[in-house]
Every structure is written in structure tokens, then in C-alpha cells.
Ligand code: HEM
């Protein structure tokens with residue numbers, strides 16, 4: 001199944017669950033909000049790790065690079081779907097009335113505006129990274145790659161949002177999860193900084209114009 005269709009179905013399922021949770025007049029919508037937020041963050045983390053593994057040629061268990069590329073691509077798109085579910089649940093929250101503007105800007109929200117502002121900035125950057133990848137054939141490889149690096153601040157902002165926005169940040173399991181994931185990204189990013197700068201396995205024919213990501217046909 002096309003990854004965008006899978007993401008659309010995932011978002012639709014989350015939206016239906018959010019409406020059902022809202023109608024049930026219980027804290028379920030709040031649990032759904034946090035669960036979708038954690039899954040979105042987790043997928044973002046996997047996508048960031050797989051993305052950095054590509055140019056580093058890091059292949060755990062000798063996994064093929066094309067598989068790592070698929071993991072990077074599909075988890076990135078699914079992170080957006082779960083982010084959509086997270087935001088839809090925020091909009092349906094019966095205790096604090098968030099407006100669409102609050103969700104888009106965060107800093108205007110009536111609850112923890114700094115934390116939500118960081119989340120909104122992360123969400124915009126994630127959307128920009130995915131949109132420019134879907135449209136990668138319109139950019140030179142260098143421009144696309146520079147835009148793709150917005151994924152780094154996106155991850156950092158999402159991490160800060162996780163620590164500052166929710167009710168679970170004091171939970172030792174959440175702190176351990178946040179610390180381990182951020183430590184792993186920090187380690188990979190350090191290796192990446194001192195490692196090779198160019199992807200090693202171009203998939204495009206040598207005479208084609210160098211646009212978009214090089215590991216597989218873009219825009220799927
Ligand atoms: C890439 C973007 C985002 C990611 C990965 C993300 C992830 C998360 C996570 C993991 C939590 C749970 C934290 C905890 O319970 O300790 C959370 C909480 C929350 N997020 Fe986001 N979020 C993002 C963007 C946003 C945006 C744009 C908004 C709305 C402006 C938002 C609103 C909230 C709210 C209101 C909570 C608190 C839930 C509670 O009451 O505990 N998030 N988010």
C-alpha cells in the first residue's frame with residue numbers, strides 16, 4: 001500500500017476514535033491525545049535515526065540500505081498522520097477550548113503556550129520536510145538536502161515539547177524514553193557531523209538531473 005494512503009487511513013482511524021472518545025464524555029480523548037503524541041514522536045525518532053543511518057552506511061543486522069530508506073520514508077509519513085490525530089484530539093478537548101489558530105501557532109493557546117508553541121514549530125517543520133520531499137523533483141539535490149535538514153530542529157523542538165507540554169514528563173519511564181531516544185539521536189548526529197557528507201549509493205541513472213533524494217524514486 002502507498003505510504004500516503006496508509007497515513008490517510010491511520011489519520012481517519014484516529015479521527016473516528018477521537019470523535020467516539022469525545023462523545024463518550026470520559027477522559028479517553030485525553031489519553032488518545034497523549035498516545036497519538038507519543039507515537040508521533042516515536043515515529044519521528046525512528047525516521048531521524050534511519051535517515052542518519054543512510055549516509056553513514058550504518059546497517060544493523062546487515063539490513064539492506066533500500067530497507068532502511070523505506071523505514072525512513074514510511075515512518076516520516078506516518079509521524080505526520082499521528083501528529084494529525086494528536087492535533088485533532090487537542091481540538092476536541094472538552095476541558096480546554098483550543099481554537100484552530102492555537103493549534104497552528106501554539107503560542108496563543110490557553111494552556112502552556114511556550115510548550116505548545118514549540119510543538120507547533122516542530123509540526124510546521126515536519127510538514128515542510130515531508131512536502132519538499134514529496135515535491136523533490138522540483139528542487140536541485142543540494143536545495144532539497146538543505147531543506148531536509150530542517151528535520152534536525154524539528155526533532156529538537158518535538159523533544160522539548162514532549163518534556164514541557166504533557167502530564168507524563170515527571171514519569172520516570174517517560175524520562176527514560178526521552179533520554180534514551182534523544183541520546184541516540186545526539187550520538188548519530190555527532191557521527192553524522194564527522195562522517196561522510198554524501199549518500200554513497202545513487203539510484204538514479206548517471207545522466208539524469210540530480211534532483212531530490214538519491215536513495216529511491218522520490219514522491220511515492
Ligand atoms: C511534531 C509535533 C508534535 C509532537 C511529536 C508531539 C508530541 C507530544 C507528546 C509525546 C506529548 C505527551 C507529553 C506528556 O504527556 O508528557 C504531547 C502533549 C501535548 N501536545 Fe503535542 N506534539 C506535537 C505538536 C503539538 C502541537 C502543534 C500542539 C498544539 C498546539 C500540541 C498539543 C499538545 C498538548 C495540549 C499536550 C498535552 C496533553 C496533556 O494534557 O498531557 N502538540 N505532545
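Looking at region 169-201 only, could you name the residues that are assigned to a loop (DSSP other than H, G, I, E, B) and either at pLDDT 95 or above or surrounded by 10 or more Cβ atoms within 10 Å (Cβ to Cβ) (or both)?
Residues of region 169-201 assigned to a loop (DSSP other than H, G, I, E, B): 169-171, 195-201.
Those that are assigned to a loop (DSSP other than H, G, I, E, B) and either at pLDDT 95 or above or surrounded by 10 or more Cβ atoms within 10 Å (Cβ to Cβ) (or both): 169, 171, 195, 196, 199, 200, 201.
Set side by side, the residues 147, 135, 157, 118 differ, and just one is more than 9 Å from the ligand (Cβ to nearest atom) and either surrounded by 15 or more Cβ atoms within 10 Å (Cβ to Cβ) or closer than 17 Å to residue 46 by Cα (or both), which is 147.
Taking the listed residues 127, 123, 109, the one that is touching a residue at least 40 places away in the same chain (Cβ under 8 Å), near the ligand (Cβ under 7 Å from one of its atoms) and outside any strand (DSSP E or B) is 123, with no other qualifying.
The values are calculated or read from the model by the stated rules, or taken from the named source; none is laboratory data. The model shown is predicted, which means the values in this text are computed figures rather than measured ones. Ideal geometry is used to build each Cβ from the backbone, glycine not excepted, and the neighbour counts take in all protein chains shown.
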